[in-house]
Amino acid sequence: MSTALAQNRGLGAMIWDYLTTVDHKKIAHLYLVAGGFFFLIGGLEAMLIRIQLMKPDNDFISAGLYNEMITMHGTTMIFLAAMPLIFALMNAVVPLQIGARDVAFPFLNSLGFWLFLFGGVILNVSWFTGGAPDAGWTNYAPLSTVSPGHGVDYYVMGLQISGAGTLIGGINFLVTIVNMRAPGMTYMRMPLFTWAVFVTSALILFAFPALTVGLFLMMFDRMFGSVFFDTAAGGNAIIWEHLFWIFGHPEVYILILPLFGAFSDIFSTFSKKRLFGYSAMVFATVLIGFLGFMVWAHHMFTVGMGPIANSIFAVATMAIAVPTGIKIFNWMFTMWGGNIKMTAAMLWSVAFIPSFTIGGMTGVMLAAAAADYQYHDTYFVVGHFHYVIVGGVVFGLFAALHYWWPKMFGKVLNEKLGKLAFWPFFIGFHLTFFIQHFLGLMGMPRRYWVFLEGQGLEAGNLISTIGAFLMAIGTVIFLVNVVYTSVKAKKVSGDPWDGRTLEWSIPSPPPHYNFTQTPLVRGLDPLWVEKSEGKKGMTPAEPLGDIHMPNASILPFLISLGLFIAGFGFIYQVDNKAWLILVFLGMGLTLGSMLTRSLKDDLGHHIHKEELEKDLEKGAGE
Amino acid sequence: MSHDDVLNPKQMPHDPEKATLEGKNKFLAFWFFLGGETVLFASLFGTYLALNRSTAGENTPENLFGLELVFIMTMLLLTSSLTSVYAMYHMKNHDFKKMQLWLGITVALGLAFLGFEIYEFVHYIHEYEFTFRSSAFGSAFYTLVGFHGGHVLFGLCWIVTLMIRNSKRGLNLYNAPKFYIASLYWHFIDVVWVFIFTVVYLMGKVG
Ligand code: HEM
Ligand SMILES: [Cu+2]
């Protein structure tokens, strides 16, 4: 539905539309707005941390609040900002890239979003109800099990609910990519972004259940008196660390792989060349995904697993640098000799290469187990993971948003403002985090509230804080760009970048059924294949006919709302059993909605050929 | 395919559960889901193995477990897996009545299993004062076995819901995949129990 039409029907109708939508393109909008919002909250928290560390012995925020701040910053950025923004891209792009009309399970797609959102809201409600979680985003026991108040309970319930949403999303995209590809779209013709999402989804499927179990054990210990992590009763706190990192290390690849995919598409489009070493890129992606499960204990070198275990995990970790290196070189060879256009998307992508490579190098340094005894839990580690996560994931998100914005909204983000946002962010990023490596080597531990005067840490910390402000300025300029573009910019055609893949063969934004006729794919970069034979668009694989589409539904929202309510019941029944009422009410709503879903047939509806012909006349199918 | 063909097919194909795209998607998604469930139970097993000797000086696996009861439970659940296979056999031959009958037997066996499990837990709690909170072993035992029991309960509710919902209208291309994945789920629960039987009970008695 066009925005103009939505305005006609009023705001209420539009809200209802978004609450019930099962259209992957609208769900992408929801993920984008919610993820963007949490990104700003997480950014604000980061700024407060950096202000506190601006000078020695600062008392800008209290020690307790500082702990809450670092915990919520990490948790928010990973689970509530980066993940949903990635899901926004997956939803906006993957069905289009494989020539599908929607994902395999539109209903579950919506459910995944609402679970994530309600989980994120639970987590952040804690700020207003007596204190946020304060045991770090890694939530190690026994720090977490003895943390007073309900902060950590919010962490447990919030992540459990949003994690369920992520898991559902992962399964959905696996099936979508296996079953919903257009005729001729073989695996080895899939764009790299789709490939990356495929591998990422597999990682989600096999990594998240470990977190689910960890969170359940944590929940039982804190709320129901079990003793998993209580050494006095024979428990073992290291179990949490293992479960957390069996999930946690794959999680960092869940974050970076989709952006690797996006970079691949961007480099190829703006160099006007097919991706260099396509099959090597696919192979490297799969290999990284596979190895990603073998290395979790590199986060635990100092736990005391012994020299043999440490060595094995050290070598396995270093091995990941090999497929990663393959990728770095292939991106550079893609640009080599290409007809390069330095758009804003390309600028972010080019900047990613050296930035991420530095992060990979410090990663290999950390992987040397003996040396890690020195680096562990210092600012060196903080420097490392921000180089990979900001220099990789965040740069990637900016690049991908610039690249696919026209497909999502029909307008190209202003290029000048885009570049203006890039420079302060890029310079600020290196100012903030490069110096942190040295602070770490000089012995500054991470997660400390203050540092002392006269230990040579002043200048480095001040520089780091200045850098953070520059990144904030860059982010604000990007937001200004979003507003400016939506007000001022003109609508563009379906293919503003002279694209190579299927999503550019249909209008921007696409009609809600995406493809009037399913396209026939005849090679890698299918649209480019057609273009190079002088054709304007794709050849259809089917005659014009009725299209089957799923029905909208409010049930996903209600299912998630029920868990949200029950979450509070679980948290507070520790104080007073009367709160169990909320558990019963909430679970009743959730299970009742699930039952409704099971009992009521939902066969979807058809869009008739005549309507499609009308759309075509209006130019929707150009 | 029109809605009418899905709900009232003129002729049922041999694999009605995979005749529609929705059916194929469900089938595949469910296998993926079971992959995730495998990691879930693997994590629980790992935790249990790390803690099953951490009895805090109280009840140990040796003094608690009795293999007779567990053997009966194992037989009940294994048989229920077999009866669900019969149900799916009849589904493929489009014999709705017989499918319902065998599903009913499956449910009855599952209920019996669950009854024994509840009896077992109550027994441990009252006779041995062995609870979720007594020791790390207690926490790990009830969590692992309880998660499995919870799965059994969910599976029973699911199958019963499907049986009642469709009792009047019989088999069609819309509900065949639902029956089919419910039976897959049931097999999975059964496989997990085999591991629990081995790792928790047998190794607990002998190990
Ligand atoms: C060549 C690839 C990489 C290697 C060899 C590597 C190695 C390591 C090692 C050994 C640690 C543990 C350091 C310690 O705590 O003492 C670590 C921490 C970390 N890495 Fe990496 N890493 C790599 C890539 C990545 C990527 C791509 C990401 C994310 C996109 C990432 C995110 C993180 C995070 C978040 C932490 C810190 C977690 C915490 O303790 O809070 N790493 N890395
Ligand atoms: Cu790691």
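The values are calculated or read from the model by the stated rules, or taken from the named source; none is laboratory data. Being a predicted model, the structure only gives us computed values, none of them experimental. Glycine also receives a Cβ, built like all others from the backbone with ideal geometry; neighbour counts cover every protein chain displayed. Heavy atoms of the whole protein, side chains included, go into the accessibility calculation; ligands, DNA and RNA do not. Shrake-Rupley method; radii C 1.70, N 1.55, O 1.52, S 1.80 Å.
Scanning region A:118-143 for residues that are over 18 Å from the mean Cα position of the chain (by Cα), among the aromatic types (Phe, Trp, Tyr) and away from ligand 1 (no atom under 16 Å from the Cβ) returns A:127, A:128.
The lone criterion from (1) more than 27 Å from the chain's Cα centre (by Cα); (2) surrounded by 17 or more Cβ atoms within 10 Å (Cβ to Cβ) left unmet by residue A:525 is number (1). Residue selection: residue B:69 fails the criterion of being more than 12 Å from chain A (Cβ to nearest Cβ), surrounded by fewer than 17 Cβ atoms within 10 Å (Cβ to Cβ) and under 29 Å from residue B:162 (Cα atoms).
Tell me the residue from A:305, A:342 that is more than 14 Å from ligand 2 (Cβ to nearest atom), of a type in the set (A, V, I, L, M, F, W, C), farther than 24 Å from residue A:361 by Cα and within 14 Å of chain B (Cβ to nearest Cβ), please.
Working: A:342 fails: within 14 Å of chain B (Cβ to nearest Cβ).
Going through A:305, A:342 in turn, the sole match is A:305.
In region A:463-486, is there at least one residue being of a type in the set (S, T, N, Q), surrounded by fewer than 19 Cβ atoms within 10 Å (Cβ to Cβ) and under 22 Å from residue A:98 (Cα atoms)? Among the residues of region A:463-486, not one is of a type in the set (S, T, N, Q), surrounded by fewer than 19 Cβ atoms within 10 Å (Cβ to Cβ) and under 22 Å from residue A:98 (Cα atoms), which makes the answer no.
Mind telling me which of the residues A:136, A:120, A:149, A:112 ends up being small (Gly, Ala, Ser) and either open to solvent by 20 Å² or more (accessible area, probe 1.4 Å) or at pLDDT below 95 (or both)?
On the way: A:136 fails: either open to solvent by 20 Å² or more (accessible area, probe 1.4 Å) or at pLDDT below 95 (or both); A:120 fails: either open to solvent by 20 Å² or more (accessible area, probe 1.4 Å) or at pLDDT below 95 (or both); A:112 fails: either open to solvent by 20 Å² or more (accessible area, probe 1.4 Å) or at pLDDT below 95 (or both).
Being small (Gly, Ala, Ser) and either open to solvent by 20 Å² or more (accessible area, probe 1.4 Å) or at pLDDT below 95 (or both) holds for just one of A:136, A:120, A:149, A:112, which is A:149.
Among residues of region A:369-390 that are within 14 Å of chain B (Cβ to nearest Cβ) and over 30 Å from residue A:349 (Cα atoms), none has a Cβ under 7 angstrom from a residue that is open to solvent by 20 Å² or more (accessible area, probe 1.4 Å) and within 14 Å of ligand 2 (Cβ to nearest atom) at a sequence gap of 6+ or on a separate chain.
If a residue must be of a type outside the set (S, T, N, Q), part of a helix (DSSP H, G or I) and either under 22 Å from the mean Cα position of the chain (by Cα) or more than 8 Å from chain A (Cβ to nearest Cβ) (or both), how many such residues does region B:48-66 contain? Full working, then the answer.
Step one: filter region B:48-66 for residues of a type outside the set (S, T, N, Q), giving B:48-51, B:53, B:56-58, B:61-62, B:64-66.
Filter again for part of a helix (DSSP H, G or I), leaving B:48-51, B:61-62, B:64.
Imposing the further condition that a residue be either under 22 Å from the mean Cα position of the chain (by Cα) or more than 8 Å from chain A (Cβ to nearest Cβ) (or both) reduces the set to B:48-49, B:61-62, B:64.
The qualifying residues number 5.
Could you identify the single residue in B:116, B:41, B:32, B:45 that is within 14 Å of chain A (Cβ to nearest Cβ), in a helix (DSSP H, G or I) and surrounded by fewer than 19 Cβ atoms within 10 Å (Cβ to Cβ)? I'd like the intermediate steps shown before the answer.
On the way: B:116 fails: within 14 Å of chain A (Cβ to nearest Cβ); B:41 fails: surrounded by fewer than 19 Cβ atoms within 10 Å (Cβ to Cβ); B:32 fails: surrounded by fewer than 19 Cβ atoms within 10 Å (Cβ to Cβ).
Among B:116, B:41, B:32, B:45, only B:45 is within 14 Å of chain A (Cβ to nearest Cβ), in a helix (DSSP H, G or I) and surrounded by fewer than 19 Cβ atoms within 10 Å (Cβ to Cβ).
The set of residues from region A:27-44 being buried (at least 21 other Cβ atoms within 10 Å of the Cβ) and under 18 Å from residue A:105 (Cα atoms) comprises A:27, A:28, A:30, A:31. Of all the criteria given as (1) open to solvent by less than 20 Å² (accessible area, probe 1.4 Å); (2) touching a strand residue (DSSP E or B) at 6+ places or on another chain (Cβ under 9 Å), the one not satisfied by residue A:441 is (1). Could you count how many residues in region B:139-198 are free of Cβ contacts under 8 Å to residues at least 40 places away in the same chain and within 14 Å of the chain's Cα centre (by Cα)? So the answer is 9.
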